[in-house]
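Read through the structure below, which is laid out as structure tokens, and then see the notes.
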Amino acid sequence: MHDVLSRFRDPILAKRIVERIHEYADEIDEQLLFMHVCGSHEWSITHYGIRSLLPKSVEVRAGPGCPVCITPAADIDAMIDLALEGKIILTYGDMSRAKGSKGLSLLDARALGGDVRLVYSVHDAVLKARREQDKEFIFFAVGFDTTAPPTAYEVLKGMPSNLSLMVSYRYMPPIAGAVLRSSLLGIDGIINPGHSSTITGMKPYYRYFLETKKPQVFCGFEPIDILLGILMLLRQIRDDQPMLENEYTRSVTWEGNTVAQKSMDSVFDLGDGYLRGVAVIPECGFMLKDEYSSIDARNRYSLGRRDARDEFVAGARCGEVILGLCDPPECPLYMKECTPSTPKGPTMVSQEGTCKIWAEHGLINSICRL
Amino acid sequence: MCLAFPGMIISIDGDYAKVDFGAGVIRDDINIAELASSVKVGDYVLVHAGYAIQILDLEEAYNAIRYWEENLVWKCERCSIAGECPLGSIAVARKGIRLGEDGKSKSKSKRDGVI
């Protein structure tokens, strides 16, 4: 790693930041709840044991930030149906293990004879479709703002006619806005996504700041990035000066990646987006523009609008975990019926799912809860 | 889906670049089309699933980390030797030299605390 980047793991600086965090928390002298909305933030926070370094009065929870987890069951069901009808489904590994509303995943569909193939990116999907021109391929396009631009690029470049896209991308800022507004969650500050915001820029978040006046910090993924982000939130609260602040200055800017935004604007429109187990959030669902309806799987296979209702396995609290209302250990199935090798819900299949992250290395998180 | 890794561009060929991620990991199929056209060899970029999403501003990174080091490590109110030599206080801390109650180094050697 470049010299300066490795300084974001310096233990001396980290220790001093932690000391300062404790000082500010003592001065504020209140219970504080911060939330982030990014599975990768939860991964970093858990992996680096950040929660064990924080004072008891400062809580950091994982909000809806896992793209696989919030993909509607109806979309998964549609893909399974198409797989069983002989179409070739191209999907990410973790997405293939998420179960739809009938307890079946795409991997299960493969076991039942469906042709489901794993890809690492949309480029993979394009290459596979080009190699077998006589077959029909559908790429399950799930993700947030970080993942959508490459797809926009491939669409603009020109996709093979035997490939269509099942677009289920979500636009992050309105999701952060909903989290900020929610009186049910009642957060005191938000850690905004780092890489999604690299694409979108800080700009789209400003309106939510004007509306809610709650502290917002855009944060990176190294341990010092996260500690600094928390320190900045505390400083804003201590000084009673909430603002839209950027910790991740080496990547996130006010304008964002305008090249990527331009590609996205040419290819996608924004409409209602359903977050599985959470809610329909306006203006957060990407969909292909009308001029690309020929490569839109929803159009090509007349998928229609499916019911936004969702079912998780009986007794599971996936929805509450996704929203950040409860921790994984509070779900009765966690690490009993539902484990990384026998997942029952989407939060246990994805690398960005809170339950999987806690199951695999969440010991510190669990200790901090006791 | 935020996992992205920093790497240095070694060579560019149209929309694609060869990127060195360190520790012997080099990939020559990284798509750089979604970056500003000013991207050049030697730039550090953030790569997500084979596509570069941003050119990392390392000068900004240096400024940011330097600001925090200055305010939290060098000018720390509890460390009385910080006032003498900012670089020296980091060197002392990194050598793990213990400080006594009066903030002075417990080591007898004159060379300690000097870079």
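Side notes on the structure shown:
- When A:PRO173, A:PRO160, A:PRO193 are checked against the criterion of being within 14 Å of another protein chain (Cβ to nearest Cβ) and either small (Gly, Ala, Ser) or at negative phi (or both), A:PRO193 stands alone in meeting it.
- Residue match in region B:63-74 (condition: among the polar types (S, T, N, Q), modelled with pLDDT of 50 or more, in the same structural domain as B:GLY14 (by TED's automatic domain parsing) and out of contact with any Lys or Arg (no Cβ under 8 Å at 6 or more places or on another chain)): no
- Test: residue in region A:54-71 that is of a type in the set (S, T, N, Q) and surrounded by 23 or more Cβ atoms within 10 Å (Cβ to Cβ): yes
- Selection count, region A:257-283, where residues are more than 9 Å from every other protein chain (Cβ to nearest Cβ) and either crowded, with 24+ Cβ neighbours inside 10 Å or in contact (Cβ under 8 Å) with a residue 40 or more places away in the chain (or both): 16
- Among all positions in region A:112-128, there is at least one residue which is out of contact with any strand residue (DSSP E or B) (no Cβ under 9 Å at 6 or more places or on another chain), assigned to a helix (DSSP H, G or I) and within 11 Å of another protein chain (Cβ to nearest Cβ).
- Matching residues, region A:80-106, being part of a helix (DSSP H, G or I) and within 19 Å of A:THR342 (Cβ to Cβ): A:GLY93, A:ASP94, A:MET95, A:SER96, A:ARG97, A:LEU106
- Helices (runs of 4 or more DSSP H) within region A:288-370 that include 1 or more residues surrounded by 14 or more Cβ atoms within 10 Å (Cβ to Cβ) and hydroxyl-bearing (Ser, Thr, Tyr): A:354-361, A:363-369
- Search result, residues across region A:60-79 that are assigned to a helix (DSSP H, G or I) and closer than 30 Å to A:LEU32 by Cβ: A:PRO67, A:VAL68, A:CYS69, A:ILE70
- The set of residues in region A:126-170 being surrounded by fewer than 22 Cβ atoms within 10 Å (Cβ to Cβ) and within 20 Å of A:CYS69 (Cα to Cα) is empty.
- Unique match (being under 30 Å from A:ASP240 (Cβ atoms), at the interface with chain B (Cβ under 10 Å from one of its Cβ atoms) and hydrophobic (A, V, I, L, M, F, W, C)) among A:CYS66, A:CYS38: A:CYS38
- Of all residues making up region B:39-73, the number that are among the aliphatic types (A, V, I, L, M) and more than 7 Å from every other protein chain (Cβ to nearest Cβ): 6
- Restricting region A:8-35 to residues that are without any contact (Cβ under 8 Å) to a residue 60 or more places away in the chain and within 11 Å of chain B (Cβ to nearest Cβ) leaves a set whose member that is farthest from B:GLY7 (Cα to Cα) is A:GLU23.
- Looking across region A:74-101, the residues that are within 20 Å of A:MET348 (Cα to Cα) and without any contact (Cβ under 8 Å) to a residue 40 or more places away in the chain come down to A:ILE76, A:ILE80, A:GLY93, A:SER96, A:GLY100.
The rows are residues; the columns are (1) surrounded by 17 or more Cβ atoms within 10 Å (Cβ to Cβ); (2) at pLDDT below 95; (3) within 21 Å of A:CYS38 (Cβ to Cβ).
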residue	(1), (2), (3)
A:THR91	yes, no, no
A:ASP94	yes, yes, yes
A:LYS99	yes, yes, no
A:LEU106	yes, no, no
A:VAL122	yes, yes, yes
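- The single condition among (1) outside any helix (DSSP H, G or I); (2) within 24 Å of A:LEU244 (Cβ to Cβ) that A:ALA141 does not meet is (2).
- Number of residues in region A:154-199 that are hydroxyl-bearing (Ser, Thr, Tyr) and touching a helix residue (DSSP H, G or I) at 6+ places or on another chain (Cβ under 6 Å) equals 4.
- Filter result for B:VAL19 (touching a strand residue (DSSP E or B) at 6+ places or on another chain (Cβ under 6 Å), surrounded by 14 or more Cβ atoms within 10 Å (Cβ to Cβ) and at pLDDT 90 or above): yes
- Yes/no for A:VAL142 being under 20 Å from the mean Cα position of the chain (by Cα), in contact (Cβ under 8 Å) with a residue 24 or more places away in the chain and within 30 Å of A:ARG235 (Cβ to Cβ): no
The values are calculated or read from the model by the stated rules, or taken from the named source; none is laboratory data. Here the structure is a predicted model, which is why all the values come from computation and not from measurement. Cβ coordinates were reconstructed from backbone atoms using ideal geometry, including for glycine residues, and neighbour counts include every protein chain displayed.
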